[in-house]
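The values are calculated or read from the model by the stated rules, or taken from the named source; none is laboratory data. Fair warning: this is a prediction, and the values are worked out from it, not measured in the lab. Cβ placement follows ideal geometry from the backbone for every residue including glycine, while neighbour counts extend to all protein chains displayed.
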């Protein structure tokens with residue numbers, strides 16, 4: 001079974017390893033696990049870790065440098081261009097990689113006297129590098145939006161006027177607009193100021209696990225009504241407050257499917273097992289029992305089958321829904 005994973009932080013691991021002299025990290029470290037898990041497509045994000053919160057733009061440039069070098073060496077990673085040259089199937093055994101950004105603290109630092117010029121410059125920079133996915137805020141409040149888990153709040157919550165300009169530019173450019181990590185005011189501002197379908201790449205159901213990073217039923221419903229997509233997150237803290245297990249993860253699938261329907265549900269696993277040895281600046285080590293890493297995904301699919309999901313349902317959630325979303329997005333870009 002193919003897997004389309006809507007969210008991965010493996011670029012962070014690549015950057016740390018290359019900084020200490022390692023090479024070919026994707027192929028040596030990540031590809032064997034991705035292959036075992038069946039992953040054929042993945043959104044990988046450039047994310048500024050908490051330890052670099054005082055110099056986010058410098059860290060962003062370093063991430064770009066290390067990742068670009070590693071992907072150039074790779075025999076197995078095929079970067080999906082912004083213009084959609086590779087929307088057709090790629091060779092078996094290779095992984096289609098979509099490039100994204102998780103949190104815009106770096107762009108916040110980039111802004112100088114001319115805010116719109118900075119946004120235009122940033123989009124030119126992203127397009128040149130085939131970045132085509134954006135989450136406006138991580139666990140932060142920045143110049144554009146407010147996210148869950150922000151350590152301090154300055155001013156109003158939600159998407160700022162500058163954020164609305166950035167959102168309009170994202171939609172015009174045909175970017176994947178991702179609302180995972182946004183707090184509720186920012187989430188609803190995005191909903192009310194976009195017409196293109198959006199994704200919540202790695203978010204679960206708040207009704208099952210009452211964490212602010214998870215989606216309310218109303219949020220789940222409106223994403224599906226706008227023909228968007230929700231990726232289920234395997235990180236334990238968002239699966240269950242006390243005992244995160246693979247069965248509890250499937251409870252989230254059940255709940256979201258019951259509201260959104262089978263065709264708006266996908267996977268955005270957010271696996272962090274490979275980051276445990278790196279100094280991120282915050283603890284992120286709550287794994288889900290039975291779904292600790294990507295190699296456990298085939299066993300998850302078997303459990304879903306035993307829980308009553310048909311082969312067609314599992315195919316839809318595993319890759320078909322995400323592939324359809326991306327194909328539609330690429331087609332829309334070509335019409336504009």
Report the residue count in the stretch 245-268 for those that are part of a loop (DSSP other than H, G, I, E, B) and surrounded by 19 or more Cβ atoms within 10 Å (Cβ to Cβ).
1
For the stretch 38-55, enumerate the residues that are part of a helix (DSSP H, G or I) and surrounded by 23 or more Cβ atoms within 10 Å (Cβ to Cβ).
none
Screening 158, 149 for residues that are modelled with pLDDT of 95 or more and either within 21 Å of residue 47 (Cβ to Cβ) or in a loop (DSSP other than H, G, I, E, B) (or both) leaves only 158
Considering (1) part of a loop (DSSP other than H, G, I, E, B); (2) modelled with pLDDT under 95; (3) surrounded by fewer than 17 Cβ atoms within 10 Å (Cβ to Cβ), say which one residue 242 fails and leave the rest.
(2)
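Based on what the data block shows, is residue 170 over 24 Å from residue 235 (Cα atoms), touching a strand residue (DSSP E or B) at 6+ places or on another chain (Cβ under 8 Å) and part of a helix (DSSP H, G or I)? If you could, list the steps in order and put the result at the bottom.
Numbers: over 24 Å from residue 235 (Cα atoms): yes; touching a strand residue (DSSP E or B) at 6+ places or on another chain (Cβ under 8 Å): yes; part of a helix (DSSP H, G or I): yes.
Criteria met by residue 170.
A quick yes/no check of all residues on (1) closer than 26 Å to residue 80 by Cβ; (2) exposed (fewer than 13 other Cβ atoms within 10 Å of the Cβ); (3) at pLDDT 95 or above:
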| position | (1), (2), (3) |
| --- | --- |
| 289 | no, no, yes |
| 297 | yes, no, yes |
| 303 | no, no, yes |
| 310 | no, yes, yes |
| 319 | yes, no, yes |
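Look at residue 271 and say whether it is in a helix (DSSP H, G or I) and crowded, with 24+ Cβ neighbours inside 10 Å.
Values: in a helix (DSSP H, G or I): no; crowded, with 24+ Cβ neighbours inside 10 Å: yes.
The answer is no for residue 271.
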Does residue 102 satisfy being modelled with pLDDT of 85 or more, within 30 Å of residue 214 (Cβ to Cβ), surrounded by 20 or more Cβ atoms within 10 Å (Cβ to Cβ) and out of contact with any helix residue (DSSP H, G or I) (no Cβ under 7 Å at 6 or more places or on another chain)?
yes
Report yes if residue 268 is touching a strand residue (DSSP E or B) at 6+ places or on another chain (Cβ under 7 Å) and under 30 Å from residue 17 (Cα atoms), otherwise no.
yes
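Going by the conditions given, is residue 213 touching a residue at least 60 places away in the same chain (Cβ under 8 Å), touching a helix residue (DSSP H, G or I) at 6+ places or on another chain (Cβ under 9 Å), surrounded by fewer than 24 Cβ atoms within 10 Å (Cβ to Cβ) and within 21 Å of residue 139 (Cα to Cα)? Give the steps one after another, and end with the answer.
Values: touching a residue at least 60 places away in the same chain (Cβ under 8 Å): yes; touching a helix residue (DSSP H, G or I) at 6+ places or on another chain (Cβ under 9 Å): yes; surrounded by fewer than 24 Cβ atoms within 10 Å (Cβ to Cβ): yes; within 21 Å of residue 139 (Cα to Cα): yes.
Answer is yes for this residue.
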